[in-house]
Amino acid sequence: MIMKEHFQNLGFEIHGILHLTGKQALICLQQGALLVDVREDFEIALKDFGVSGKQWCPYSDFKKLFATLPKDKSIIVVDCVGIHSKEAVVELMKNGFNMVANLAGGIFDWERDGLPMSNDFETLGGPCMCQIKSRKKKL
């Protein structure tokens, strides 16, 4: 059963899973919810959520790592577009986590909505990944 009150009665439920928009998730994070990012390391290297209170738990290792997550804290699971995060929410719920929600649209919608981002690159323009250039200075 979804406990919407742990997320300030925000979000919408589909098939027993609570989904939050980016703006709703940000409100919950500011109130102490934990952001659990299930993206792989190469995905995080490109774009990251610019918020504190986050934990990385890559989807490829999720079934081994989820037991380290707190059951007594509201958890918002995130990924690139909301697919793996939804699957991770289902897994958490099967294992006794009841204060969990999925970030609808993932970091894609989060960024589109102008929410805090932490990027370590600059885009030079164009659709190709070759247009990404690190901001870090080479030694």
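The values are calculated or read from the model by the stated rules, or taken from the named source; none is laboratory data. For clarity, every value in this text was computed on a predicted model and none was experimentally measured. Note: ideal-geometry Cβ built from the backbone for every residue, glycine included; neighbour counts use all protein chains shown.
Contact annotation: residue pairs with Cβ atoms under 8 Å, 6 or more positions apart or on different chains, pairing a residue in the range 50-65 that is under 10 Å from Arg39 (Cα atoms) with a partner that is among the aromatic types (Phe, Trp, Tyr), are Cys57/Phe66. A search for C-beta distances below 9 Å between a residue of the range 24-43 that is within 20 Å of Pro58 (Cα to Cα) and any residue that is among the charged types (D, E, K, R) and in a strand (DSSP E or B), counting only pairs 6+ apart in sequence or on different chains, returns Leu29/Lys54; Leu34/Lys54; Leu35/Lys54; Val36/Lys54; Asp37/Lys54; Glu43/Asp37. Somewhere in the range 77-88, is a residue within 19 Å of Asp113 (Cβ to Cβ), free of Cβ contacts under 8 Å to residues at least 60 places away in the same chain, β-branched (Val, Ile, Thr) and surrounded by 18 or more Cβ atoms within 10 Å (Cβ to Cβ)? Taking every residue of the range 77-88 in turn, at least one turns out to be within 19 Å of Asp113 (Cβ to Cβ), free of Cβ contacts under 8 Å to residues at least 60 places away in the same chain, β-branched (Val, Ile, Thr) and surrounded by 18 or more Cβ atoms within 10 Å (Cβ to Cβ). Within the option set Gln55, Gln24, being assigned to a helix (DSSP H, G or I) and within 13 Å of the chain's Cα centre (by Cα) holds for one residue only, Gln24.
Scanning the range 97-118 for residues that are among the small types (Gly, Ala, Ser) and either under 15 Å from Ile27 (Cα atoms) or modelled with pLDDT under 95 (or both) yields Ala101, Ala104, Gly114, Ser118.
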